[in-house]
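A short write-up of the structure that comes next.
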Amino acid sequence: MTVTLVTGANKGLGFETAKQLLALGHVVYVGARDAERGEKAAAELGARFVQLDVTDDTSVSGALAAIDATEGRLDVLVHNAGVLPSGTPDGPTALRAFDTNAVGVVRVTEAALPLLRRSSNPTVVTVSSSAGSFWAVNNPDRPEYHLPTALYSASKAAATMLTVQYAKSEPGIRFNAVEPGFTATDMTAGFEGGRTPQESARTIVRLATLGPDGPTGTLQDENGELAW
(Lines give C-alpha, C1' and ligand atoms only; values in the text may rest on other atoms or scores of the structure.)
Protein backbone atom coordinates (compact mmCIF):
# COMPACT_ATOMS: atom_id res chain seq x y z
CA MET A 1 0.00 0.00 0.00
CA THR A 2 1.36 3.42 -0.99
CA VAL A 3 1.19 6.01 1.79
CA THR A 4 0.72 9.54 0.47
CA LEU A 5 0.47 13.01 1.99
CA VAL A 6 -1.05 15.89 0.02
CA THR A 7 -0.73 19.35 1.59
CA GLY A 8 -3.50 21.90 1.11
CA ALA A 9 -5.84 19.11 0.09
CA ASN A 10 -9.16 20.23 1.49
CA LYS A 11 -10.25 21.83 -1.81
CA GLY A 12 -9.35 22.54 -5.41
CA LEU A 13 -6.33 20.93 -6.98
CA GLY A 14 -5.17 19.24 -3.78
CA PHE A 15 -8.59 17.69 -3.20
CA GLU A 16 -8.73 16.33 -6.74
CA THR A 17 -5.16 15.02 -6.55
CA ALA A 18 -6.03 13.17 -3.35
CA LYS A 19 -9.17 11.79 -4.99
CA GLN A 20 -7.28 10.43 -8.00
CA LEU A 21 -4.53 8.89 -5.88
CA LEU A 22 -7.14 7.23 -3.67
CA ALA A 23 -8.69 5.73 -6.80
CA LEU A 24 -5.26 4.22 -7.56
CA GLY A 25 -5.22 2.51 -4.18
CA HIS A 26 -3.09 4.94 -2.17
CA VAL A 27 -3.62 5.53 1.52
CA VAL A 28 -3.97 9.31 1.35
CA TYR A 29 -3.52 11.81 4.15
CA VAL A 30 -5.29 15.10 3.53
CA GLY A 31 -3.17 17.86 5.03
CA ALA A 32 -5.11 21.05 5.76
CA ARG A 33 -4.60 24.11 7.93
CA ASP A 34 -8.26 24.32 8.91
CA ALA A 35 -9.21 21.20 10.88
CA GLU A 36 -12.95 21.45 10.25
CA ARG A 37 -12.56 21.82 6.48
CA GLY A 38 -9.84 19.19 6.36
CA GLU A 39 -11.85 16.61 8.28
CA LYS A 40 -14.87 17.28 6.07
CA ALA A 41 -12.80 16.82 2.89
CA ALA A 42 -11.18 13.65 4.20
CA ALA A 43 -14.55 12.20 5.13
CA GLU A 44 -15.94 13.01 1.69
CA LEU A 45 -12.96 11.40 -0.02
CA GLY A 46 -12.58 8.42 2.27
CA ALA A 47 -9.08 9.64 3.13
CA ARG A 48 -7.30 10.33 6.43
CA PHE A 49 -6.80 13.79 7.89
CA VAL A 50 -3.82 15.51 9.49
CA GLN A 51 -3.86 19.12 10.62
CA LEU A 52 -1.00 20.72 8.71
CA ASP A 53 -0.19 24.40 8.36
CA VAL A 54 2.93 24.60 6.17
CA THR A 55 3.85 27.96 7.75
CA ASP A 56 3.97 26.50 11.27
CA ASP A 57 6.87 24.30 12.39
CA THR A 58 4.95 22.72 15.25
CA SER A 59 2.01 21.87 13.02
CA VAL A 60 4.27 20.32 10.37
CA SER A 61 6.27 18.21 12.82
CA GLY A 62 3.05 17.07 14.51
CA ALA A 63 1.49 16.01 11.21
CA LEU A 64 4.50 13.95 10.14
CA ALA A 65 4.81 12.44 13.62
CA ALA A 66 1.18 11.33 13.39
CA ILE A 67 1.78 9.67 10.01
CA ASP A 68 4.96 8.06 11.35
CA ALA A 69 3.14 6.66 14.36
CA THR A 70 0.42 5.10 12.20
CA GLU A 71 2.25 4.13 9.00
CA GLY A 72 5.96 4.10 9.86
CA ARG A 73 6.88 5.55 6.49
CA LEU A 74 5.81 7.91 3.71
CA ASP A 75 5.98 6.90 0.05
CA VAL A 76 4.66 10.01 -1.72
CA LEU A 77 4.66 13.65 -0.66
CA VAL A 78 2.78 16.23 -2.73
CA HIS A 79 3.53 19.86 -1.89
CA ASN A 80 0.27 21.45 -3.03
CA ALA A 81 -0.40 24.15 -0.41
CA GLY A 82 0.13 27.59 -1.88
CA VAL A 83 -1.05 31.18 -2.05
CA LEU A 84 -1.47 33.65 -4.89
CA PRO A 85 -0.84 37.15 -3.45
CA SER A 86 -2.94 40.00 -4.78
CA GLY A 87 -2.68 43.76 -4.62
CA THR A 88 0.43 45.93 -4.42
CA PRO A 89 3.47 43.94 -3.26
CA ASP A 90 4.76 44.88 0.17
CA GLY A 91 6.94 43.30 2.82
CA PRO A 92 4.26 41.38 4.76
CA THR A 93 2.67 40.09 1.55
CA ALA A 94 6.05 38.96 0.24
CA LEU A 95 6.85 37.19 3.49
CA ARG A 96 3.53 35.36 3.42
CA ALA A 97 4.01 34.29 -0.21
CA PHE A 98 7.50 32.93 0.35
CA ASP A 99 6.63 31.42 3.74
CA THR A 100 3.84 29.35 2.17
CA ASN A 101 5.11 28.66 -1.35
CA ALA A 102 8.83 28.15 -0.68
CA VAL A 103 9.69 27.92 3.02
CA GLY A 104 6.72 25.60 3.47
CA VAL A 105 8.36 23.21 1.01
CA VAL A 106 11.46 23.16 3.21
CA ARG A 107 9.52 22.67 6.45
CA VAL A 108 7.46 19.75 5.19
CA THR A 109 10.29 18.12 3.24
CA GLU A 110 12.68 18.20 6.19
CA ALA A 111 10.04 16.72 8.50
CA ALA A 112 9.16 14.06 5.91
CA LEU A 113 12.67 12.95 4.93
CA PRO A 114 13.09 10.35 7.71
CA LEU A 115 9.79 8.75 6.65
CA LEU A 116 10.54 8.95 2.94
CA ARG A 117 13.90 7.23 3.44
CA ARG A 118 12.03 4.19 4.77
CA SER A 119 10.06 3.85 1.52
CA SER A 120 11.07 1.45 -1.25
CA ASN A 121 9.93 3.99 -3.87
CA PRO A 122 9.96 7.50 -2.36
CA THR A 123 8.61 10.36 -4.47
CA VAL A 124 8.14 14.07 -3.84
CA VAL A 125 6.11 16.32 -6.16
CA THR A 126 6.12 20.10 -5.77
CA VAL A 127 3.19 21.89 -7.37
CA SER A 128 5.13 24.80 -8.81
CA SER A 129 4.37 26.98 -11.81
CA SER A 130 5.78 27.95 -15.18
CA ALA A 131 5.08 31.50 -13.96
CA GLY A 132 8.29 30.94 -12.01
CA SER A 133 10.24 29.87 -15.10
CA PHE A 134 12.77 32.48 -16.28
CA TRP A 135 12.47 30.98 -19.76
CA ALA A 136 8.68 31.30 -19.86
CA VAL A 137 8.35 34.81 -18.41
CA ASN A 138 10.93 36.13 -20.90
CA ASN A 139 9.28 34.47 -23.91
CA PRO A 140 6.70 36.79 -25.58
CA ASP A 141 4.99 33.75 -27.10
CA ARG A 142 4.17 32.32 -23.66
CA PRO A 143 1.18 33.47 -21.54
CA GLU A 144 3.49 33.76 -18.51
CA TYR A 145 5.21 36.72 -20.22
CA HIS A 146 2.15 38.87 -19.48
CA LEU A 147 1.36 37.73 -15.93
CA PRO A 148 1.56 40.51 -13.29
CA THR A 149 2.36 38.08 -10.47
CA ALA A 150 5.78 39.10 -9.17
CA LEU A 151 5.60 37.53 -5.71
CA TYR A 152 3.86 34.37 -6.87
CA SER A 153 6.31 33.91 -9.73
CA ALA A 154 9.36 34.57 -7.56
CA SER A 155 8.20 32.22 -4.81
CA LYS A 156 7.43 29.47 -7.33
CA ALA A 157 10.88 29.93 -8.90
CA ALA A 158 12.26 29.34 -5.41
CA ALA A 159 10.07 26.25 -5.00
CA THR A 160 11.38 24.79 -8.26
CA MET A 161 15.00 25.51 -7.26
CA LEU A 162 14.43 23.83 -3.90
CA THR A 163 13.06 20.79 -5.73
CA VAL A 164 16.13 20.58 -7.95
CA GLN A 165 18.50 20.98 -5.01
CA TYR A 166 16.72 18.31 -2.97
CA ALA A 167 16.99 15.98 -5.96
CA LYS A 168 20.75 16.48 -5.86
CA SER A 169 21.15 16.08 -2.10
CA GLU A 170 18.75 13.11 -1.82
CA PRO A 171 19.53 10.86 -4.81
CA GLY A 172 17.52 8.01 -3.33
CA ILE A 173 14.30 10.05 -3.55
CA ARG A 174 12.73 11.42 -6.72
CA PHE A 175 11.94 15.13 -6.52
CA ASN A 176 10.07 16.80 -9.38
CA ALA A 177 8.22 20.10 -9.76
CA VAL A 178 5.07 20.34 -11.82
CA GLU A 179 3.21 23.01 -13.77
CA PRO A 180 -0.30 21.54 -13.62
CA GLY A 181 -1.79 24.01 -16.09
CA PHE A 182 -3.95 27.07 -15.47
CA THR A 183 -6.78 25.76 -13.33
CA ALA A 184 -10.08 27.28 -12.27
CA THR A 185 -9.93 27.23 -8.45
CA ASP A 186 -10.69 29.61 -5.58
CA MET A 187 -7.07 30.79 -5.75
CA THR A 188 -7.33 31.82 -9.42
CA ALA A 189 -10.79 33.36 -9.18
CA GLY A 190 -9.36 36.76 -10.13
CA PHE A 191 -8.36 35.43 -13.55
CA GLU A 192 -10.75 34.36 -16.28
CA GLY A 193 -10.85 30.84 -17.65
CA GLY A 194 -8.91 27.83 -16.53
CA ARG A 195 -9.48 24.13 -16.88
CA THR A 196 -10.93 21.81 -14.29
CA PRO A 197 -8.98 20.57 -11.27
CA GLN A 198 -9.69 17.04 -12.50
CA GLU A 199 -7.73 17.64 -15.68
CA SER A 200 -4.83 19.46 -14.04
CA ALA A 201 -4.47 16.90 -11.25
CA ARG A 202 -3.62 14.20 -13.79
CA THR A 203 -0.17 15.69 -14.36
CA ILE A 204 0.50 15.78 -10.61
CA VAL A 205 -0.68 12.19 -10.27
CA ARG A 206 1.56 11.07 -13.13
CA LEU A 207 4.62 12.43 -11.36
CA ALA A 208 3.41 11.09 -8.00
CA THR A 209 3.24 7.55 -9.39
CA LEU A 210 6.65 7.29 -11.05
CA GLY A 211 8.59 4.06 -10.94
CA PRO A 212 12.06 3.81 -9.39
CA ASP A 213 13.64 4.61 -12.77
CA GLY A 214 11.61 7.82 -13.23
CA PRO A 215 13.16 11.27 -13.68
CA THR A 216 14.23 13.52 -10.83
CA GLY A 217 15.16 17.19 -10.54
CA THR A 218 12.82 18.34 -13.30
CA LEU A 219 10.01 20.84 -13.89
CA GLN A 220 7.28 19.26 -16.00
CA ASP A 221 3.86 19.95 -17.44
CA GLU A 222 1.52 17.54 -19.20
CA ASN A 223 3.78 17.52 -22.27
CA GLY A 224 6.97 16.65 -20.43
CA GLU A 225 10.00 18.57 -19.19
CA LEU A 226 9.93 22.39 -19.22
CA ALA A 227 12.81 24.82 -19.48
CA TRP A 228 13.06 27.12 -16.49
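The values are calculated or read from the model by the stated rules, or taken from the named source; none is laboratory data. Just so you know, these numbers come straight off a predicted model, no measurement behind them. Every residue, glycine among them, receives a Cβ derived from its backbone with ideal geometry; neighbour counts consider all protein chains shown. Keep in mind that these areas ignore ligands, DNA and RNA; they rest on the heavy atoms of the full protein, side chains included. Shrake-Rupley method; radii C 1.70, N 1.55, O 1.52, S 1.80 Å.
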Item to check | Residues being aliphatic (A, V, I, L, M), over 9 Å from A102 (Cα atoms) and open to solvent by 30 Å² or more (accessible area, probe 1.4 Å) - total across the stretch 152-170 | outcome: 2
Checklist entry - Within the stretch 193-224, can you find the residues that are within 14 Å of R174 (Cβ to Cβ), open to solvent by 20 Å² or more (accessible area, probe 1.4 Å) and not in a loop (DSSP other than H, G, I, E, B)? => result R206
Checklist outcome for this item: Only one of (1) open to solvent by less than 10 Å² (accessible area, probe 1.4 Å); (2) in a helix (DSSP H, G or I); (3) in contact with a Ser or Thr (Cβ under 6 Å, 6 or more places away or on another chain) does not apply to V28, and that is (2)
Item to check | Within the stretch 114-137, tally of residues that are out of contact with any Asp or Glu (no Cβ under 8 Å at 6 or more places or on another chain) and within 23 Å of D221 (Cβ to Cβ) | outcome: 7
Checklist entry - Of all residues in the stretch 41-69 being assigned to a helix (DSSP H, G or I) and hydroxyl-bearing (S, T, Y), which is farthest from G14 (Cα to Cα)? => result T58
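Residues that are at positive phi and either modelled with pLDDT of 95 or more or under 17 Å from the mean Cα position of the chain (by Cα) (or both): does the stretch 168-181 have at least one? Walk me through it before giving the result.
Here is the first cut: in the stretch 168-181, the ones at positive phi are 181.
If we keep only those that are either modelled with pLDDT of 95 or more or under 17 Å from the mean Cα position of the chain (by Cα) (or both) too, we end up with 181.
Looking through the stretch 168-181, at least one residue is at positive phi and either modelled with pLDDT of 95 or more or under 17 Å from the mean Cα position of the chain (by Cα) (or both).
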Item to check | Breaking point among (1) touching a residue at least 40 places away in the same chain (Cβ under 8 Å); (2) over 25 Å from L210 (Cβ atoms), for Q51 | outcome: (1)
Checklist entry - How many residues are touching a Leu at 6+ places or on another chain (Cβ under 8 Å) and farther than 20 Å from A65 by Cβ when one looks only at the stretch 13-46? => result 6
Next on the checklist: Need pairs with beta-carbon distance below 6 Å; first residue over 20 Å from V60 (Cα atoms) and among the polar types (S, T, N, Q) and within the stretch 115-139, second part of a loop (DSSP other than H, G, I, E, B) and open to solvent by 40 Å² or more (accessible area, probe 1.4 Å); sequence gap 6+ or separate chains.
Outcome noted: N121/P212; S133/W228
